[in-house]
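Here, each number is a calculation from the coordinates, and none is a lab measurement. A quick note: this is a predicted structure, and the numbers were derived from the prediction, not measured.
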Amino acid sequence: MSDFGDALVSRSDIARLAGVRRPAVTNWERRHPDFPAPVVPPTGSAEPEMFRAGEVLEWLAGRTIPSNALQPGEAAGTTYGDRFRAGMGGDRSGNLLSAVEQLARRDADRVRGRLRMSDYLYLLLALVYVRSQEEERWSRYVKDPRAAVRDLELAEHAETPLTDVVRFLDGIPPAPRDESRQAFDRLLELLSNMDARGAGEFFTPRSVSHVMGRALAAQGLAERLYDPFCRTGELLSAYLDAVTERGDQAPEAVVVRTPVEELLPVVRMNIKMHGAKAPHVLRGAWAPGRLDESGDRPGSFDRVITNPPFGSLGPWPADPPRYWTYGATRSREFDWLQYVVSCLAPGGRAAVLMPAGAGFRGSAERETRTRLIEDGVVECVMALPTQLFELTAIQTHIWFLRSPRGRAEQVLFVDGTGLGSMATRARRELSDAEIDRLVRTYTTWRESGTGSREPDGWPGLGRAVDPGEILANDSRLEPALYVREHLPAAGAFDDPSLVRHRLAELSAELDRLHAEARITDGLAEERLRRYGL
C-alpha cells in the first residue's frame with residue numbers, strides 16, 4: 001500500500017503529519033496492539049526509535065477522523081492516513097491553492113468565528129506569507145497560534161479556531177514558490193475586492209497590472225523602482241514577476257508609498273513574495289505635493305509604475321510645487337503625472353494609469369499635454385477596454401513616459417478597446433494572449449526605432465504619429481483618433497491583397513463579437529434559471 005519506500009518517521013513526525021498532538025501517538029501505541037512496531041536503533045545509539053512510514057500509513061488509513069476533529073477543508077470520512085499521506089508528499093486534492101480556496105470561501109463562515117471577513121482574509125494572507133517566507137516564525141505559530149493574532153494586532157477576543165487553521169496549513173506539504181505566490185495572490189484578490197466594495201477604492205485589475213508590468217520590464221535592467229501611490233502592491237508585483245520571467249535581476253532598491261496605513265504590511269508582504277529583497281515601504285499621501293522627499297528624491301528612479309487617484313480637483317496651492325514644470329493644474333491626475341516625470345532619472349521610464357478623459361480635456365490640461373509632447377516625455381498611449389475594474393466601467397489609458405528629451409518625437413498610439421471578454425456580468429478581462437499582443441505592439445515598435453508608422457505584425461492596433469499631427473489636433477492623446485479613425489489615403493486598397501487582409505480582420509472581429517454575445521446570452525439565461533424564469 002505504501003509508496004514511501006524505506007522512509008522512517010519518529011513519533012513527533014507521526015503526530016505532525018497526522019495532525020494530532022504528540023501524546024495521541026503514545027496513546028495509540030498503548031491502546032492498540034496492532035500499532036506498528038518501531039525500528040529498534042542499534043545498541044548504544046542515541047537516536048530515537050523510528051517507524052516505517054508505509055506501515056504507519058496502512059494503520060492510520062483504517063482510522064476515520066471524528067467529525068469534531070476535522071480540519072477546514074476535510075470532508076466527512078477523511079482518515080488520519082489521508083492526512084499522513086498528504087504530509088509525506090503523496091497525492092492530495094487539497095493542496096495549498098485548493099486549501100486556501102476552501103478556507104477563504106467554502107469554510108470561511110464556519111472557521112472565522114467572530115472575526116470580520118476582511119480581518120479573517122488578512123489573517124489567512126499573513127499565514128500563507130509566513131508559511132512560505134519565515135520558517136522560524138511559522139514554527140512559533142504552530143506552537144502558539146494565538147501569536148498570529150497578537151502579531152497582526154487583531155481583536156484578542158475574536159473566537160477564531162486558529163489552532164485548526166494553522167495545523168491544517170502546517171499539514172500541507174511545502175508548496176513550490178510559484179504555488180505559494182498564486183495562493184497569496186488569490187487571497188489578496190479577495191481582500192482587495194472586499195475593501196474596494198467597502199471603501200469605493202479601485203485596485204488595479206490583474207490584466208492591467210500585467211500589461212503595465214511586462215511592458216515596463218521589457219525596457220532593460222533597472223536599479224531603482226518606485227510606486228508613489230501603491231494600493232496593495234499589485235503593479236510592483238506584476239513588474240517583479242515580469243523581470244523574473246525575463247531572467248533579469250530584481251531592482252536593488254524598491255521604494256513604495258501608500259496613503260492607507262493599514263495596507264503597509266500587506267504591501268510589504270506582497271512585493272517580498274514576488275522577489276523584492278528589502279523594500280522601503282513608506283506612508284504616502286493622496287496628493288504628491290504632500291510627500292516629503294525622503295527616499296524619493298527627484299530624478300532618482302529608473303522605473304516608476306503607478307495607478308494614482310482619478311477624477312477630482314485639488315485646491316490651488318499657495319506655493320506651487322517645483323515639479324509643475326509643464327503647467328499649473330488643479331487636476332489630480334496631471335498633478336501626479338508631472339510628479340512622476342520629476343522622479344525619473346536620465347533614461348528613466350514610467351507607466352502611469354490614466355483616465356481616458358485626460359487625453360482630450362481642454363484648457364490647462366491641453367496646455368500641459370502640449371508641453372509634455374514638445375519635451376518628448378510621452379512615448380506611448382495605450383487605450384484599454386471598459387469594464388476592467390470591479391466597480392466601475394471607466395475607460396482607462398496607460399501612458400508610457402520617458403525622462404525629458406528636450407525635443408518632440410513620435411508617439412505610439414495603441415487602441416486595445418476592442419479586446420477582452422466578459423468574465424462576469426459586469427467585469428471584463430484580457431486574456432494572456434491579448435496581454436501579450438498589447439505588450440509586443442509597444443515593445444516591437446520601440447525596438448525597431450521610431451521610424452515605422454505601424455508596429456510590425458499588428459495592423460490596425462497601433463500607429464506611430466508625428467508630433468505635428470498631434471499638436472494640430474489640440475494635443476489630444478486619444479488612440480482611437482489616430483488608429484481606429486485613421487482613414488487610408490485614396491487608392492490605398494487598390495491592391496487586392498490589402499483588401500483581403502482587411503476583410504480577414506473584419507471577419508475575425510465579427511467572430512469575436514459573436515462569441516462575446518453568446519457568452520452574455522449564456523450568463524443571462526443562467527441568471528434567469530436561478531429565479532425560475
Overall dimensions of segment 306-362 by Cα: Rg and Dmax, Å: 11.7, 33
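Can you tell me what percent of all Cα-Cα pairs in segment 205-297 are more than 23 Å apart?
When all Cα pairs of segment 205-297 are counted, 19 percent exceed 23 Å.
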